[in-house]
Amino acid sequence: MPIITMKQLLEAGVHFGHQTRRWNPKMKPYIYGARNGIYIIDLQQTVTMFDAAYQFLVRTVSQGEEVLFVGTKRQAQAVVEEEARRAGMPFVNHRWLGGTLTNFKVIRSSIEHLKKIEEMAADGKLDLLPKKEVLRIQREYNKLERNVGGIKEMGRLPGALFVIDPNHEEIAVR
């Protein structure tokens, strides 16, 4: 039994595609037809592909790998963070930093710096510093938390990426 039904997809309006004049020829096998200038997507194939993607994620997680959720579009940021936290997985929802996967050593140093600042705040060492220095460290902390806060618990490269919009997240997909 599939994890999601055709009825649920219909209710969500997944079957509505782009306008007929704005189509990608690679999508032809997945298009059921056209109505009122809009393509209708074949939901039978959508359910099959969705189930295959779900099974892949289940296998990946069962092997002890992590799935990195990526969604930096303003509309998706809150949902990506919420669902990744619910699943206990790392996420990037503000800005994809170049080299996050290919140069993880450098990203890890930023994560270590973020953890060091958190440790200083927890120990009360920030209270001993001058006000100007504390403000500089807080600005730095906010920037690091925004950029690498979602991946600070990621100890190694993820087994898979869950990308919300591959066109928008072009750098992450490349």
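Name, by its number, the condition in (1) of a type outside the set (K, R); (2) modelled with pLDDT under 85; (3) closer than 24 Å to G155 by Cβ that does not hold for A84.
Every listed condition holds for A84 apart from (2).
Give, as residue ranges, the strands (runs of 3 or more DSSP E) completely inside the stretch 1-92 that count at least 1 residues that are assigned by TED's automatic domain parsing to the domain that holds M154.
Numbers: elements: 16-19, 31-35, 38-41, 67-70.
Here the list reads 67-70.
So if I check each of P166, P90, P158, which one is surrounded by fewer than 16 Cβ atoms within 10 Å (Cβ to Cβ) and closer than 26 Å to F56 by Cβ?
P166
What are the pairs, 6+ residues apart or on separate chains, where a residue within the stretch 21-47 that is under 14 Å from L10 (Cβ atoms) has its Cβ under 8 Å from a residue that is hydroxyl-bearing (S, T, Y) and assigned to a loop (DSSP other than H, G, I, E, B)?
V47/T5
With respect to Q138, is the statement that it is outside the structural domain of I3 (by TED's automatic domain parsing), without any contact (Cβ under 8 Å) to a residue 40 or more places away in the chain and in a helix (DSSP H, G or I) true?
Yes; evaluated as a whole, the condition is true for this residue.
List the number of the failed condition for L126; all other conditions in (1) assigned to a loop (DSSP other than H, G, I, E, B); (2) surrounded by fewer than 18 Cβ atoms within 10 Å (Cβ to Cβ) hold.
(1)
Going by the structure shown, is V173 touching a strand residue (DSSP E or B) at 6+ places or on another chain (Cβ under 7 Å), under 22 Å from T60 (Cβ atoms) and free of Cβ contacts under 8 Å to residues at least 60 places away in the same chain?
Numbers: touching a strand residue (DSSP E or B) at 6+ places or on another chain (Cβ under 7 Å): yes; under 22 Å from T60 (Cβ atoms): yes; free of Cβ contacts under 8 Å to residues at least 60 places away in the same chain: yes.
So V173 passes the test.
The values are calculated or read from the model by the stated rules, or taken from the named source; none is laboratory data. Keep in mind the model is a prediction, meaning the values are calculated, not measured. All Cβ positions, even for glycine, are placed from backbone atoms using ideal geometry, and neighbour counts span all protein chains on display.
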